[in-house]
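*Asks:* Next up is a structure, given as structure tokens.
Taken together, the values in this text are just the output of simple stated rules run on the coordinates, not laboratory data. These figures come from a predicted structure and were not determined experimentally. Because the Cβ atoms are built from the backbone with ideal geometry, glycine has one as well, and the counts that use them run over all protein chains shown.
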Amino acid sequence: MVGQVSLAKQVRKVLVGDHAVAEAVKLAKVNVISAYPITPQTLIVERISEMIERGELKADYVRVESEFAALATVYGAAAGGARAFTATSSHGLFYMYEMLWWAAASRVPLVMAVVTRVIGPPWNIHDEHTDLLAIRDSGWIIGMAQNVQEAFDMTLTAFKISEDERVLLPVAVGLDGFILSHTAEPLDIPAQEDVDAWLPPRNPKIPYTIEPGGEAITMGNLPRNDVYHAILKKYMDESMEAAKKVIADVYNEYGKLTGRNYGPLTECYRCSDAKYIAISMGAWSGDILNAVERLRNEGYPIGLLRIRYIRPFPEEDITGWINGAKGVIIFDRDYSAGMGGVLASEISGFIPSNTSFEGVLAGIGGFDVSADEFTAIMREFVDRVEREGLVRIRKYWYIPKIER
Amino acid sequence: MSVAEKLRGLLLSTPAEGAGGRTGTWRVYRPVINYSKCTKCGICWLYCPENVIEWLEDKSVRIDYNYCKGCGICADVCPVKAIDMVKEGVV
Amino acid sequence: MGMVTMTELHKYGRTKFIMPGTAACPGCPLQVGMRQLAIALEGKFTMVIPAGCSSIIPGTAPYTAYTVPVLHVPFASSPAVASGLVRAIRQRGNEGPVVVWAGDGATADIGFATLSGAAYRNEDILYIMADNEAYMNTGIQASGTTPWMAWTTTSPKGKAEDKKDVALIMLMHKVPYVATASIAFPMDFIDKVRRAMQIRGFKFIHLHAPCPPGWKMDDAYTIRAARLAVETGAWILWEYNQGKLTISPPSMPYRDKSRRRPLEEYLKIQGRFAHLKPEDIKLMEEKIDRQWDLILKLVEIYK
Ligand SMILES: Cc1ncc(C[n+]2csc(CCOP(=O)(O)OP(=O)(O)O)c2C)c(N)n1
Ligand code: SF4
Ligand code: SF4
Ligand code: SF4
């Protein structure tokens, strides 16, 4: 049930993205938190530790020795019936890799913030989406926020989505390192009592609890027939599909609670009359949108499709928005070696062969791409299509000239 | 069917005999208790890895041959050598 | 707490703590040990089990031989998973035992960091390291606790390194309870589990578990080998309980070297030591003597 519209009961704060995530964790009354320091995630767990020390959040904070242990710990907590949370970045996320898959296939609800960051070498703490996107086959629902408010909203809604009986999959919430994690922006935070009414404590029995004295179930012994494994994966796939509706439902309720409405899986700006669609994910979508506005002023019929959730893959949204478009340009702040941009690779299969398409690899390693540069890249693409007809470029490395 | 229910029997298992098979068929040697020698001490029950020896109310022991794998531990630990390992098929 | 007796155990004479018909090899020591653990805890506990033979032993879904709630988890993760699990259930007022049941590879090698972390945080867990002295599940590869000179498939000429002393390393984590145990001495093991469970915090028991296929040994010799390990002094049973370290009753006689049985008796039933030369055995004896010296010194220190 949805509480009454309570815009009045929200407080406006100015917080960096990491602290906004911590605030959402507090409001969700998470029971067990475990994480390991890594820039640019560290501010989240530092803030949560403070909240616990001050008694604002009654939770166990388990100070583990690695990210692998952090995820293992919150996984154990979730299997024991707790609402649990972890957070990490790049190398830390990869150190969790085995556990990511185990947790997802165990079908226990969990939430993790991934503050996106480049993977070395060389060592580099700046923003790239490759880390978050590298876990996309593992069974996690994966979202990516555009701003601090959305990082907060995505974290809070993640618990509701993950624990939904139709879903029961872990949720990863991505936010861009430094660009969001360390940048202060104003945001509205709902009151605890409204959140409590909307997000009750987790039911420890769903999907199951492993605890002494509990039902004598064993989770995870060998299957009698390997087909069991296939059936379980198909169930996972069904839950991913169901999650599309659940995400929509949850944001619908959340919109009533907070007055903030989202896509939910994607959002398309200036798309209704657009002949060209740009596609992006994360914080730089703001800069790309500025570029789109400029191009509109110049008379270019272009819109921006922003992906909020890459898992479940928003196939219907994407095909719907690009249907009939003359050209699609996809911005990837990530690189799948030997392939190209991850979003471009995933989306290109849905772009009709008579539609022009360019995959742009930009911001790799974390360099900033300005609205001016986005404007130029998109203008060039549209001009070329108008000039030459069908253009299909799977990867275009956008590398600015620098002094070396 | 809810997701939680779907996991039952695929991801979640419940206790049952023979989850690893009818293991009595593995047996090459069969432990045979010589009840005239047996002192009902329960030592074989204590060490049988397969939990196929019952130590009954009257302290006598009984082997469940459906699952006994014929390892011979019971015969080895019996303090009075009351268990013989007899080749299967040999009377 | 008095020692457990056969008279007391008779009440479990018909209880199936592990259901018969498992996938374990004949003579499996892990089943012997796990049953003793279950007896000690009267079947009321939860297990977290990393990859290893114990992941396979319970058989296949939809069934399991294990009669308590069990979470199978990745190889290196069990102490961390158990940490989270115990925090979760304690918050809800469940005070029941959470047990990690792990092999030597999971404990001494791949899971060593998570083990160290859980111990250092003094998580309220009972950790049983069931030591069959190799990675058995993957086909007898050498682990950190494979003994010196033992054959394995990755140490075909005998392992050059010494056995890692995991129990002593755990002692240095300053946890409240650390002990060694042997599947051949169930009363000692059961008593240890029961004493350990009186304590809130991290409890570690290193359980010696001879494995017939892994040790190239007759299936019937599981218990015989475990007993000989103690009687030759090669495996020392001791207990550290909140500041005090003692030699456990079954090992008491063997403080005196002259009372130990000849080491050959233990080695000769195991094919994995068949290649040992007399001078190797002598060296091994010296290692055992040094281990006794060390443990007896610790007895003096932790009086
Ligand atoms: C990360 C990872 N590496 C390797 C394996 C393969 N593996 C499974 S069990 C096992 C050996 C287990 O040895 P141990 O912990 O001693 O237990 P045992 O099988 O002897 O009981 C190995 C290497 C795995 N499951 N996971
Ligand atoms: S032979 Fe082995 S399995 Fe069979 S009863 Fe004896 S100890 Fe148990
Ligand atoms: S160990 Fe021997 S004497 Fe004791 S109960 Fe078993 S068969 Fe009888
Ligand atoms: S290899 Fe050894 S420990 Fe593993 S199941 Fe077989 S007997 Fe048991």
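*Asks:* Per 0.36 nm of contour for each residue apart, how much would the distance between residue A:119 and residue A:58 grow if the chain were fully extended, relative to their Cα-Cα spacing?
*Replies:* Full-extension gain reported as 18.5 nm.
*Asks:* I want the antiparallel fraction of DSSP beta bridges within the stretch A:10-258, as a percent rounded to 5. All intermediate terms of the calculation are to be shown ahead of the outcome.
*Replies:* On the way: 6 of 26 bridges.
Approximately 25 percent, going by the DSSP bridge assignments.
*Asks:* Just need the relative contact order of chain B here, percent rounded to a whole number, with Cα pairs under 8 Å and 6+ apart.
*Replies:* Relative CO of chain B lands at 36 percent.
*Asks:* Further, regarding this structure: Quick one: if the Förster radius is 60 Å, what FRET efficiency do residue A:383 and residue A:231 give, using the C-beta to C-beta distance and rounding to 0.05? Don't jump to the answer; show the numbers that get you there.
*Replies:* Values: r = 51 Å, r/R0 = 0.85.
So, using R0 = 60 Å, E works out to roughly 0.70.
*Asks:* Could you give the length gained by full extension between residue C:197 and residue C:297, i.e. 0.36 nm per residue of separation minus their alpha carbon distance, to one decimal place?
*Replies:* Additional length available on full extension: 33.3 nm.
*Asks:* A further question on this structure: Anyone know which of C:146, C:222, C:67 comes out most mobile in the 10 Å Cα GNM of chain C?
*Replies:* Residue with maximal mean-square fluctuation among C:146, C:222, C:67: C:67.
*Asks:* So how far, in whole Å, is the C-alpha centre of the stretch A:333-375 from the one of the stretch C:263-303?
*Replies:* For the stretch A:333-375 versus the stretch C:263-303, the Cα centre distance is 64 Å.
*Asks:* Summarise the partner chain shielding of A:95-102 as one whole number: the mean count of Cβ atoms from other chains within 10 Å of each residue's Cβ.
*Replies:* 2
*Asks:* Which value in nm describes the separation of the simple spin-label points at residue A:249 and residue C:14, placed 7 Å from the Cα toward the beta carbon?
*Replies:* That separation, rounded to one decimal, is 4.9 nm.
*Asks:* Percent antiparallel among DSSP beta bridges with both residues in chain C, to the nearest 5? Before the final figure, lay out each step's value.
*Replies:* Numbers: 10 of 34 bridges.
Once the DSSP bridges in chain C are tallied, antiparallel ones form about 30 percent.
*Asks:* Here is a further query. Compute the convex hull volume of the Cα atoms of the stretch A:116-270, divide it by the residue count, and report the result per residue in Å³ as a whole number. Intermediate values should be presented prior to the final figure.
*Replies:* Values: hull volume 28.2 nm³, N = 155.
With only Cα atoms used, the stretch A:116-270 gives 182 Å³ per residue.
*Asks:* Take the residue pairs B:69/C:164; B:40/C:216; C:203/C:303; C:159/C:268; A:326/A:395; C:203/C:282 and return only those whose Cα atoms are more than 25 Å apart.
*Replies:* Distance filter (> 25 Å) returns B:69/C:164; B:40/C:216; C:203/C:282.
*Asks:* Using the Cα gyration tensor of the stretch A:20-97, with a ≥ b ≥ c the square roots of its eigenvalues, what is the shape: rounded (a/c below 1.5), prolate (a/b larger than b/c) or oblate (neither)? Write out the running numbers ahead of the final one.
*Replies:* Details: a/c = 1.94, a/b = 1.22, b/c = 1.58.
Oblate is the answer for the stretch A:20-97, as a/c is 1.5 or above yet b/c matches or exceeds a/b.
*Asks:* Whole number please: convex hull volume per residue, Cα atoms of the stretch A:266-397, in Å³.
*Replies:* Per-residue hull volume (Cα only) is 98 Å³.
*Asks:* Over the Cα atoms, compute the radius of gyration (one decimal) and Dmax (the largest Cα-Cα distance, rounded to a whole number) for the protein assembly as shown, in Å.
*Replies:* Here Rg and the maximum Cα pair distance are 30.5, 105 Å.
*Asks:* Using alpha carbons only, how many angstrom separate the centre of the stretch A:123-184 from the centre of the stretch B:32-67?
*Replies:* Between the Cα centres of the stretch A:123-184 and the stretch B:32-67 lies a distance of 58 Å.
*Asks:* Quick one: A:360, A:14, fewest Cβ neighbours within 10 Å first, how do they rank?
*Replies:* Arranged by neighbour count, lowest to highest, A:360, A:14 become A:14, A:360.
*Asks:* Across peptide C:24-35, how many C-beta atoms of other chains are within 10 Å of each residue C-beta, on average? Let's see the in-between values first.
*Replies:* Details: counts 6, 4, 13, 8, 5, 2, 1, 4, 7, 1, 2, 6.
That works out to 5 on average.
*Asks:* Next question. Each label point is 7 Å from the Cα along the Cα-to-Cβ direction; what then is the distance between the points at residue A:183 and residue A:46, in nm?
*Replies:* Modelled inter-label distance: 2.0 nm.
*Asks:* Order these peptides, A:373-380, C:271-278, by their mean beta-carbon neighbour count within 10 angstrom, highest first.
*Replies:* Order by mean packing, descending: A:373-380, C:271-278.
*Asks:* Hey, can you rank A:300-313, A:334-347 by average C-beta count inside 10 Å, highest first? Walk me through the intermediate numbers first.
*Replies:* Details: A:300-313: 22.5, A:334-347: 19.5.
Top of the packing list down: A:300-313, A:334-347.
*Asks:* Given H placed on each backbone N at 1.01 Å, which residues far from residue A:174 in sequence or on other chains put an amide H within less than 5 Å of it?
*Replies:* A:114, A:143, A:144, A:145
*Asks:* About the Cα centre, and with charges only on the beta carbon of Lys, Arg (+1) and Asp, Glu (-1), how big is the dipole of the stretch A:10-258? Nearest 20 debye, please.
*Replies:* Dipole about the Cα centre, nearest 20: 400 debye.
*Asks:* When the helix-only estimate is applied to the protein assembly as shown (DSSP H runs of n ≥ 4, each -39,500 (n - 2.57), divided by the residue count), what is the mean residue ellipticity at 222 nm, nearest 500 deg cm²/dmol?
*Replies:* Details: 26 runs with 271 residues, N = 798.
Dividing the helical sum by the residues of the protein assembly as shown leaves -10000 deg cm²/dmol.
*Asks:* Also: If you take every DSSP beta bridge whose two residues both sit in the protein assembly as shown, what share of them, in percent to the nearest 5, is antiparallel?
*Replies:* Taking every DSSP beta bridge within the protein assembly as shown, about 30 percent pair in antiparallel fashion.
*Asks:* Still on this structure, I have one more. FRET efficiency for residue C:268 and residue C:154, Cβ-Cβ distance as r, R0 = 25 Å, nearest 0.05?
*Replies:* On the way: r = 24 Å, r/R0 = 0.94.
Efficiency for this residue pair is about 0.60.
*Asks:* Other chains near C:43-50: what is the mean number of their Cβ atoms within 10 Å of each residue's Cβ?
*Replies:* For peptide C:43-50, the averaged partner shielding equals 3.
*Asks:* For the stretch A:76-114 and the stretch A:261-318, what is the separation of their C-alpha centers, rounded to whole Å?
*Replies:* 30
*Asks:* Could you name the lysines whose alpha carbon sits less than 27 Å from that of residue A:256, not counting residues in the same chain fewer than 8 places away?
*Replies:* By straight Cα distance, residue A:256 reaches A:9, A:13, A:26, A:29, A:160, A:244, A:245.
*Asks:* Rounded to a whole number of µm²/s, how large is the Stokes-Einstein D of chain B at 4 °C and 1.567 mPa s, given Rh as the Kirkwood radius over C-alpha pairs?
*Replies:* Roughly 88 µm²/s, to the nearest whole number.
*Asks:* Could you bin all the Cα-Cα distances of chain A into 20 Å bins starting at 0 and give me the percent of pairs in each, rounded to whole numbers?
*Replies:* Answer for chain A: a P(r) of 28, 57, 15, 0 percent.
*Asks:* Report the GluC sites (Glu not before Pro) located in the stretch A:287-339 that are in a DSSP loop and have at most 16 other Cβ atoms inside 10 Å of their Cβ, or state none.
*Replies:* A:298
*Asks:* Let me ask you something else. Calculate, for residue B:22 and residue B:2, the FRET efficiency according to 1/(1 + (r/R0)^6) with r their C-beta to C-beta distance and R0 30 Å; round to the nearest 0.05.
*Replies:* Details: r = 34 Å, r/R0 = 1.12.
The computed FRET efficiency comes out at 0.35.
*Asks:* Oh, and also: What residues of the stretch A:43-63 lie in the reach of a label at residue A:196, counting those whose backbone N is under 13 Å from a point 7 Å from the Cα along Cα→Cβ?
*Replies:* A:58
*Asks:* Please quote Rg/Rh for the stretch C:6-301 to two decimal places, taking the Kirkwood radius as Rh and restricting both calculations to Cα atoms.
*Replies:* On the way: Rg = 18.1 Å, Rh = 19.2 Å.
My calculation of the ratio gives 0.94.
*Asks:* Right, another one. Sort by residue number and name the cysteines in the protein assembly as shown that have no neighbouring cysteine Cβ under 4.7 Å.
*Replies:* Taking the Cβ cut-off of 4.7 Å, the unpaired cysteines of the protein assembly as shown are B:38, B:41, B:48, B:68, B:71, B:78, C:25, C:28, C:53, C:211.
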